[in-house]
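Contents: one structure, followed by commentary.
The values are calculated or read from the model by the stated rules, or taken from the named source; none is laboratory data. Every value quoted in this text rests on a predicted model; they were computed, and no experiment measured them. Backbone-built Cβ (ideal geometry, glycine too); neighbour counts: all protein chains shown.
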Amino acid sequence: MEMRINRERLAEEFVRLCEISSPSREEKPVADYLKRVYADLGADFSFEDDSASKTGSESGNLIFRFAGNNDSAPIFFACHMDTVKPGNGVKVERTGDIFTSRGDTVLGSDDKSGIAPLIELIRLCRENGTAHRPIELVFTTCEEIGLQGAKALDYQRLQAEYGYALDSTGIDKVIIGAPAANRIRVDVHGTAAHAGINPEGGVSAFLVAAQAITKIKLGRIDEESTANIGIIKGGVATNIVPAQLMLKGEIRSHSSDKLARYTDDFKTAFLDTIAAWPVSDAAAYNPPTVDLKVEQEYPAMRLKESDTVVETIKQAGLALGREQSLIIAGGGSDANIFNGYGLPTAIVATGMSDVHTTEESIDLDDMVKLTELLYTIACM
């Protein structure tokens, strides 16, 4: 199997992609670019779904298919097109083989360090004329703001039954497990009153929330589960007993039973607090209330080492003389959603580092290694 990766072409493609701005919901420029690239490379199928009506993005998700010419099963590779902010006007600095931004934006290697190797993959297949399995490429929108593109993807358009999401730090790492997560919003309603003249007539939403929070275990709950409250907003002025408070939190667990139990514990802490709130005989007194909303952020993913998707990448790594480390992670990604739709999907590291910061960087050697791995999988 001939594999002549054009390092400079890969580097130029990566820089070109990073310098196409694509913050979440503003993916159209990079989507349009990918349509042109894969049309020029002779994609046998090109499709943009109607997910934009659900995500609010300027673009839908993209699917490209290249018909195979060996007997192996179809496979898909997936990346997200969006980046976090600040992501407009990216200018890439290259020092040797290390790429960074000029410091006032992210670089965008999350996830363009996966997209550039996928372009090089198809170019290699075309140039070498190597027999390869059917390849599907999936590019999603709005991953960074809640995996929204993957949730709205038209999965009926996919023919492959398993695949890989290219979206993790490090190299030669394969994530085979990640937790489920519930997002929780709590609105606490108290009673406003003048804090200096009539504090007895008020019920502080802040105090209600504070008492409830002391009953909740936050941080690492056990070896499989975490909980966090990340946003608290409320209040009008220092001289008004606050009548409203909103907080947002999350619970993650690799166990669906624990996720449900800890979510119930979170809700119970607030419900028990308002139920036990002391009654006042003040004329304007109203008992506190809470509104609680729980949404599933993403389902858990857990692959077995014997699953075809895992065995395939392990074999590809061994063929290259590079053992792939199998990892259980603590975060969610598009792969959680793909797995939830019955498509076994492992997450493959791309080499990106310090993502979501202006210190983000990547080494060209790692993108070359990723391209080698993808090409080996595609041609197995």
Would you check if residue 54 is more than 30 Å from residue 103 (Cβ to Cβ) and within 20 Å of the chain's Cα centre (by Cα)?
yes
Unmet criterion (only one of (1) in a helix (DSSP H, G or I); (2) among the acidic types (Asp, Glu); (3) farther than 27 Å from residue 148 by Cα) for residue 32:
(3)
Got a number for residues in the stretch 144-156 being within 11 Å of residue 61 (Cα to Cα) and not basic (Lys, Arg)?
7
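Just checking: which of the strands (runs of 3 or more DSSP E) contained wholly in the stretch 132-245 hold 1 or more residues that are over 30 Å from residue 375 (Cα atoms)?
Values: elements: 135-140, 163-166, 173-178, 180-189, 219-222, 225-234.
Once the strands (runs of 3 or more DSSP E) in the stretch 132-245 are filtered for at least 1 residues that are over 30 Å from residue 375 (Cα atoms), what remains is 180-189, 219-222, 225-234.
Just wondering, is there one or more residues in the stretch 288-302 that are under 26 Å from residue 208 (Cβ atoms), not small (Gly, Ala, Ser) and not in a strand (DSSP E or B)?
Narrowing the stretch 288-302 to residues under 26 Å from residue 208 (Cβ atoms): 288-295, 297.
If we keep only those that are not small (Gly, Ala, Ser) as well, we get 288-295, 297.
Of the ones still in play, those that are also not in a strand (DSSP E or B) are 288.
Scanning the stretch 288-302 turns up at least one residue that is under 26 Å from residue 208 (Cβ atoms), not small (Gly, Ala, Ser) and not in a strand (DSSP E or B).
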Can you tell me which condition residue 252 does not meet? The list is (1) without any contact (Cβ under 8 Å) to a residue 40 or more places away in the chain; (2) touching a helix residue (DSSP H, G or I) at 6+ places or on another chain (Cβ under 8 Å), and all the others hold.
(1)
For the stretch 62-91: of the residues being of a type in the set (Val, Ile, Thr) and surrounded by 21 or more Cβ atoms within 10 Å (Cβ to Cβ), which is nearest to the chain's Cα centre (by Cα)?
83
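Could you look through the stretch 246-277, keep only residues that are among the aliphatic types (A, V, I, L, M) and part of a strand (DSSP E or B), and pick out the one that is surrounded by the fewest Cβ atoms within 10 Å (Cβ to Cβ)?
Looking at residues that are among the aliphatic types (A, V, I, L, M) and part of a strand (DSSP E or B), I get 246.
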Of the residues 98, 119, only one is assigned by TED's automatic domain parsing to the domain that holds residue 360, closer than 20 Å to residue 27 by Cα and among the hydrophobic types (A, V, I, L, M, F, W, C); which?
119
